[in-house]
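Enquirer: Here it is, the structure in full.
What follows is calculated from the coordinates using simple rules that are stated; it is not laboratory data. Computed from a predicted model, the values in this text were never measured in an experiment. Reconstructed Cβ throughout: ideal geometry from the backbone, glycine too, with neighbour counts over all protein chains shown.
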């Protein structure tokens, strides 16, 4: 994550970083347990801007266009499986994580072969 902060020049959106309570509210609301690495990423870099990569945000008022729950509903309508959680949108496609921390690229046409073993690998390669 320090690499992402460095590469981005620490440019951030105006969305505040979530705390443990907000993360727990989201987990309960969507019925998905976030892995430890994803929780850490949310608390440290979820509002970083780097190129075209913008992570989905968690917010108390849920008013942002890149908010996790609204994006999750859209992805589910397009066929995303319930055991995958989008964390980054890419032109209507999504980078998704499962509860074990594995990352997959999901296209609205279905899953692709692109996969990373963890968030650190994804950050480094994407």
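Enquirer: For residue 5, indicate whether it is under 22 Å from residue 126 (Cα atoms), surrounded by 15 or more Cβ atoms within 10 Å (Cβ to Cβ) and without any contact (Cβ under 8 Å) to a residue 60 or more places away in the chain.
Expert: Details: under 22 Å from residue 126 (Cα atoms): yes; surrounded by 15 or more Cβ atoms within 10 Å (Cβ to Cβ): yes; without any contact (Cβ under 8 Å) to a residue 60 or more places away in the chain: yes.
Here the answer is yes, as residue 5 does meet what is asked.
Enquirer: Then there is this: I want to confirm something. Restricting to segment 100-126 and keeping residues that are touching a residue at least 40 places away in the same chain (Cβ under 8 Å) and out of contact with any helix residue (DSSP H, G or I) (no Cβ under 9 Å at 6 or more places or on another chain), which single residue is surrounded by the fewest Cβ atoms within 10 Å (Cβ to Cβ)?
Expert: Within segment 100-126, the subset touching a residue at least 40 places away in the same chain (Cβ under 8 Å) is 100-101, 118-120, 123-124, 126.
Filter again for out of contact with any helix residue (DSSP H, G or I) (no Cβ under 9 Å at 6 or more places or on another chain), leaving 100, 126.
Values: 100: 9, 126: 15.
If we take residues in segment 100-126 being touching a residue at least 40 places away in the same chain (Cβ under 8 Å) and out of contact with any helix residue (DSSP H, G or I) (no Cβ under 9 Å at 6 or more places or on another chain), then 100 is surrounded by the fewest Cβ atoms within 10 Å (Cβ to Cβ).
Enquirer: Condition first: closer than 11 Å to residue 15 by Cα and over 10 Å from the mean Cα position of the chain (by Cα). Now tell me which residues in segment 50-60 satisfy that.
Expert: 59, 60 - these are the residues of segment 50-60 that are closer than 11 Å to residue 15 by Cα and over 10 Å from the mean Cα position of the chain (by Cα).
Enquirer: Under 17 Å from residue 123 (Cα atoms), touching a helix residue (DSSP H, G or I) at 6+ places or on another chain (Cβ under 7 Å), without any contact (Cβ under 8 Å) to a residue 60 or more places away in the chain and buried (at least 20 other Cβ atoms within 10 Å of the Cβ) - does that describe any residue in segment 67-80?
Expert: Step one: filter segment 67-80 for residues under 17 Å from residue 123 (Cα atoms), giving none.
No, there is no match, as no residue in segment 67-80 is under 17 Å from residue 123 (Cα atoms), touching a helix residue (DSSP H, G or I) at 6+ places or on another chain (Cβ under 7 Å), without any contact (Cβ under 8 Å) to a residue 60 or more places away in the chain and buried (at least 20 other Cβ atoms within 10 Å of the Cβ).
Enquirer: Here's something else I'd like to know. Residue check: is residue 51 closer than 26 Å to residue 5 by Cβ and surrounded by 13 or more Cβ atoms within 10 Å (Cβ to Cβ)? Break it down stepwise before answering.
Expert: Values: closer than 26 Å to residue 5 by Cβ: yes; surrounded by 13 or more Cβ atoms within 10 Å (Cβ to Cβ): no.
In short, no.
Enquirer: A further question on this structure: Taking residue 58 and the conditions (1) surrounded by 15 or more Cβ atoms within 10 Å (Cβ to Cβ); (2) out of contact with any helix residue (DSSP H, G or I) (no Cβ under 6 Å at 6 or more places or on another chain), which numbered condition does it fall short on, given that it satisfies the others?
Expert: That leaves (2) as the condition not met.
Enquirer: On the given criteria, is residue 11 more than 15 Å from the chain's Cα centre (by Cα), within 22 Å of residue 65 (Cβ to Cβ) and loosely packed, with under 12 Cβ neighbours inside 10 Å?
Expert: Working: more than 15 Å from the chain's Cα centre (by Cα): yes; within 22 Å of residue 65 (Cβ to Cβ): yes; loosely packed, with under 12 Cβ neighbours inside 10 Å: yes.
Taking the combined requirement at face value, the residue satisfies it.
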